[in-house]
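Peer 1: Would you mind keeping the following structure in view while I ask a few things?
The values are calculated or read from the model by the stated rules, or taken from the named source; none is laboratory data. Bear in mind the structure is a predicted one, so any value in this text is a computation, not a measurement. Backbone-built Cβ (ideal geometry, glycine too); neighbour counts: all protein chains shown. With ligands, DNA and RNA removed, areas are computed over all heavy atoms of the protein, side chains included. Shrake-Rupley method; radii C 1.70, N 1.55, O 1.52, S 1.80 Å.
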Amino acid sequence: MKTFKWLSITLAAALLLSLFVSASWVVTENVVQATSGQEFCSVCHTMKPFAETYAQDIHGGNNPQGLSAACADCHLPHDSQSGYLIAKVKTGIHDGWAEIVALFKEPDWIGNLENRESYVYDSGCLRCHTHLDRAEGQTPTGAFGHQTYFKSAGAMHCVTCHTQVGHRDLLARLSPESAIAQPTTDQPTPIEESAQ
């Protein structure tokens, strides 16, 4: 009789533990998805120009095929699940704090564009834009740029050339006088359009 009691307790504990783990995973996955897109990220007032330019970009709401990249697709690393989740937590804490600080001092968004390699991850770009090193149908300029990127062994980043990718005419939105001196270089090549 004692064995039956311990067996029942063990089975009940295993069942409860598996239900807890499953429920935790479902809740975590839903929270991760709900906090990864434009709807969530643009709640902060400082993100308004980014939400507007994202909606005009082929990676956002202006895609004829109806496809779009979520904010986290570009602004979080996709090398590993754990790295993604750790970066998501760190970025969330940083952005929350930055939003509070922005009440007193507006961020230097144009200056921050110079550091875009630190918050736009190539691993996100390469999840969708696969085989760029040998893709057919690219313009000669696009093919040369992509071949140079792959030969650079990490010295170049996607945003080295695609300076405003994901946010069409961002510089013009942030500062109209700065946009005159710097043309947009984030227009997709024919191969990029077909990858959408």
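Peer 1: Within the chain, which complete DSSP H helices have Cα atoms spanning at least 27 Å along the helix axis and a mean Kyte-Doolittle hydropathy of 0.5 or higher?
Peer 2: Flagged H segments are 2-34.
Peer 1: Could you compute how fast the chain diffuses translationally, taking Rh as the Kirkwood radius over C-alpha pairs and applying Stokes-Einstein at 20 °C with viscosity 1.002 mPa s? Give it in µm² per second. Could you put the intermediate results ahead of the total?
Peer 2: Working: Rh = 19.4 Å.
Result for D is 110 µm²/s.
Peer 1: If contacts are Cα pairs under 8 angstrom and at least 6 residues apart, what is the relative contact order of the chain in percent?
Peer 2: On the way: 161 pairs, mean separation 44.9, N = 196.
Reported relative contact order: 23 percent.
Peer 1: Next question, about the same structure. Taking Cα pairs under 8 Å and at least six residues apart, what relative contact order does segment 54-118 come out at, in percent?
Peer 2: Worked out over segment 54-118, it gives 12 percent.
Peer 1: So if a site counts as exposed when it's one of the GluC sites (Glu not before Pro), its DSSP state isn't H, G, I, E or B, and it has at most 12 other Cβ atoms within 10 Å, what's the longest stretch of the chain without one?
Peer 2: Working: sites that count: Glu114, Glu136.
Counting at most 12 other Cβ atoms within 10 Å as exposed, the longest clean stretch of the chain is 1-113.
Peer 1: Which of the trypsin sites (Lys or Arg not before Pro) found in segment 64-138 are in a DSSP loop and have at most 12 neighbouring Cβ atoms, other than their own, within 10 Å?
Peer 2: Listed in order of number, the matching sites are Lys105, Arg134.
Peer 1: Given 0.36 nm per residue, what is the gain on full extension from Ser175 to Cys44 after removing their alpha carbon distance, in nm?
Peer 2: Using 0.36 nm per residue and subtracting the Cα-Cα distance, I get 45.2 nm.
Peer 1: Of all accessible surface on the chain at a 1.4 Å probe, what whole percent is carbon and sulfur?
Peer 2: Using a 1.4 Å probe with all protein chains present, the chain comes out at 65 percent carbon and sulfur.
Peer 1: Heavy-atom accessible area per residue, the chain, 1.4 Å probe: how many Å²?
Peer 2: Value for the chain: 66 Å² per residue.
Peer 1: Right, here's the next one. Using a Gaussian network model on the chain with a 10 Å cutoff between Cα atoms, which of Gly124, Gly92, Gly60 fluctuates the most?
Peer 2: Residue with maximal mean-square fluctuation among Gly124, Gly92, Gly60: Gly92.
Peer 1: Related question: Cut-off under 18 Å on the C-alpha distance; same-chain residues fewer than 8 positions from Lys48 excluded. Which lysines are left, in chain and number order?
Peer 2: Lys105
Peer 1: Give me the distance in nm between label points sitting 7 Å out from Cα along the Cα-to-Cβ direction at Asp79 and Cys128, one decimal.
Peer 2: The modelled label-to-label distance comes out at 2.2 nm.
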